[in-house]
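Student: The structure under discussion is supplied below as structure tokens; questions concerning it will follow.
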Amino acid sequence: MSPSANDPGPRFAVVGNPENRRVTLFGDAVRTAGLAAPRIVAWTDVLRAGGAESRAEFGVEFGAEEIVRIDSPGENAEVDRLLRGAQDPTRVEGSARWYTGFMAALRGLRGGIRLDDPTDLPVLFDKRRCHAVLDAAGVPVPDSPTSGPKAAPVRGWDDVRALMREHRMPRLFVKPAHGSSASGVLAVESGGGGRIRATTSVERAADGRLYNSLKVRRYERESDIAAVVDALAPDGLHLERWLPKASQDGRAADLRVVVVAGRATHAVVRTSRSPLTNLHLGGRRGDLDAARQAVEAAGAHWTDLLDVCERAAACFPRTLCVGVDLLPAVGWRRAAVGEVNAFGDLLPRLTGLPGSGAEGLDTYATQVAAALRRFAPDRPTASSHHQYREGNPHALARPDA
């Protein structure tokens, strides 16, 4: 049932997996702010209630003053089964069905004050659409033949090969359009004499089924690469030019930058010896201070890189928080946006960037404080010294603004 409209003070609710650390960490931040624990609506309840046909008694209708956070449906085998129909959560295939089911479930959530805009989420979870939005807004992104008004279809490996030739892309990333956490991603590079190689976490079983693995592997036979791509193509594929990235200590480096209320507040450097920097695939955190110094030594400004992330987040102004994957170019002078993630805020124990307005706060406390300033401005918070940036009631002001 929805809470009473007469309940005093702001109330939070979270749609998520109750056992997940994301939900736990956000709940801790709400309680630390002096509020009652958020109401937790389990994804299993939402999905079993029938998505768009959900009824209030299943806990999917929110009070008019209830502040609602949508959290990741990941890391729960039953939720994955309900969304993708797969009995084994390590399977890669089925992302298109996952997307359709997730969007239907979102439409089944009614009422409340949303921290994640219902019109933004379908775009954020489609890499082709997200890339097109960023590109149209002038945000630097890798070239892609699969987004925008002239987007090319990708029905399998033959189409990938043709697009590589047509767009002169000897090195590219092949990504499931609705994937996350590098699931199904292949970093493909071709050379003279017909040589080709793909680096990926996809493990292809003898029966042709694809599985996610924590081990990054390389396929060097084109027939194997073609088989993986052909199996993924029915779910939709997005292609991007592989941009040479900056390095740190001899390892490829990129950044995950969290933007809250329009402001880049938290960042980590991710480094890897492979093209895939995800921490669960063997990537490791790099030195953020060293990255900042490398940018400044190259004659650029660290704030310019953060500004790229804020410009990307500004394409989704009604969503409180996104995680931006920033790809610094060789030499650290420029950067492009690889992806914008709706659930990119899981950086436990990491506090805000100096001068960000979120010093001393983790990503969840920062979001709670920003939501309270927006929707309960008369309530003092632990970070009540933060102010709005002029012209954007969602945005935190820079201290020197």
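Student: Consider Asp378 carefully, then state whether it is of a type in the set (D, E, K, R), assigned to a loop (DSSP other than H, G, I, E, B) and buried (at least 18 other Cβ atoms within 10 Å of the Cβ).
Tutor: The answer is no for Asp378.
Student: Still on this structure, I have one more. Of the conditions (1) in a loop (DSSP other than H, G, I, E, B); (2) open to solvent by 10 Å² or more (accessible area, probe 1.4 Å); (3) touching a helix residue (DSSP H, G or I) at 6+ places or on another chain (Cβ under 6 Å); (4) more than 25 Å from His280 (Cβ to Cβ), Gly179 clears all except one; give me its number.
Tutor: Status for Gly179: all satisfied but (4).
Student: Further question: Can you confirm whether the range 80-87 contains a residue that is closer than 24 Å to Asp362 by Cα, modelled with pLDDT of 95 or more and of a type outside the set (Gly, Ala, Ser)?
Tutor: no
Student: Of the residues Cys309, Cys315, only one is assigned to a helix (DSSP H, G or I) and either loosely packed, with under 15 Cβ neighbours inside 10 Å or within 16 Å of the chain's Cα centre (by Cα) (or both); which? Quick ask: steps written out before the conclusion?
Tutor: Numbers: Cys315 fails: assigned to a helix (DSSP H, G or I).
Answer to the selection: Cys309.
Student: If you don't mind, there's one more thing I want to ask. Hey, among the residues in the range 358-374 that are open to solvent by 10 Å² or more (accessible area, probe 1.4 Å) and not in a helix (DSSP H, G or I), which one's farthest from Thr32 (Cα to Cα)?
Tutor: Glu359
Each row is one residue, and each column tells you yes or no for (1) assigned to a helix (DSSP H, G or I); (2) at pLDDT 95 or above; (3) closer than 28 Å to Ile70 by Cβ.
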{"site": "Ala267", "(1), (2), (3)": "no, yes, yes"}
{"site": "Arg270", "(1), (2), (3)": "no, yes, yes"}
{"site": "Glu296", "(1), (2), (3)": "yes, yes, no"}
{"site": "Val322", "(1), (2), (3)": "no, yes, yes"}
{"site": "Leu327", "(1), (2), (3)": "no, yes, yes"}
{"site": "Trp332", "(1), (2), (3)": "no, yes, no"}
{"site": "Val337", "(1), (2), (3)": "no, yes, yes"}
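Student: Just checking, which of Leu214, Leu239 is in contact (Cβ under 8 Å) with a residue 24 or more places away in the chain and within 22 Å of His280 (Cα to Cα)? Break it down stepwise before answering.
Tutor: On the way: Leu239 fails: within 22 Å of His280 (Cα to Cα).
That would be Leu214, the only listed residue that is in contact (Cβ under 8 Å) with a residue 24 or more places away in the chain and within 22 Å of His280 (Cα to Cα).
Student: Looking only at the range 96-133, which residues are of a type in the set (A, V, I, L, M) and either under 13 Å from the mean Cα position of the chain (by Cα) or more than 19 Å from Ala182 (Cα to Cα) (or both)?
Tutor: Hits for the range 96-133 are Met103, Ala104, Ala105, Leu106, Leu109, Ile113, Leu115, Leu121, Val123, Leu124, Ala132, Val133.
Student: Just to confirm my filter: which helices (runs of 4 or more DSSP H) fall fully inside the range 62-158 and include at least 2 residues that are small (Gly, Ala, Ser)?
Tutor: On the way: elements: 77-84, 95-107, 121-124, 127-136.
Of the helices (runs of 4 or more DSSP H) lying wholly inside the range 62-158, those with at least 2 residues that are small (Gly, Ala, Ser) span 95-107, 127-136.
Student: With respect to Ala177, determine if the residue is within 23 Å of the chain's Cα centre (by Cα), among the aliphatic types (A, V, I, L, M) and within 27 Å of Ile196 (Cβ to Cβ). Outline the logic, then answer.
Tutor: Values: within 23 Å of the chain's Cα centre (by Cα): yes; among the aliphatic types (A, V, I, L, M): yes; within 27 Å of Ile196 (Cβ to Cβ): yes.
Yes: the conditions hold for Ala177.
Student: Scan the range 332-342 and tell me whether some residue there is in contact (Cβ under 8 Å) with a residue 24 or more places away in the chain, under 21 Å from Val23 (Cβ atoms) and under 20 Å from the mean Cα position of the chain (by Cα).
Tutor: Narrowing the range 332-342 to residues in contact (Cβ under 8 Å) with a residue 24 or more places away in the chain: 332-342.
Retained after the next criterion (residues that are under 21 Å from Val23 (Cβ atoms)): 341-342.
Those left that are additionally under 20 Å from the mean Cα position of the chain (by Cα): 341-342.
For the range 332-342, residues in contact (Cβ under 8 Å) with a residue 24 or more places away in the chain, under 21 Å from Val23 (Cβ atoms) and under 20 Å from the mean Cα position of the chain (by Cα): present.
Student: Still on this model: Could you check, for the range 276-283, whether at least one of its residues is assigned to a helix (DSSP H, G or I) and open to solvent by less than 60 Å² (accessible area, probe 1.4 Å)?
Tutor: Yes, there is a match, as at least one residue in the range 276-283 is assigned to a helix (DSSP H, G or I) and open to solvent by less than 60 Å² (accessible area, probe 1.4 Å).
The values are calculated or read from the model by the stated rules, or taken from the named source; none is laboratory data. The model shown is predicted, which means the values in this text are computed figures rather than measured ones. We place every Cβ from the backbone using ideal geometry, glycine too, and count neighbours over all the protein chains shown. All accessible areas refer to the heavy atoms of the entire protein, side chains included, with ligands and DNA or RNA removed. Shrake-Rupley method; radii C 1.70, N 1.55, O 1.52, S 1.80 Å.
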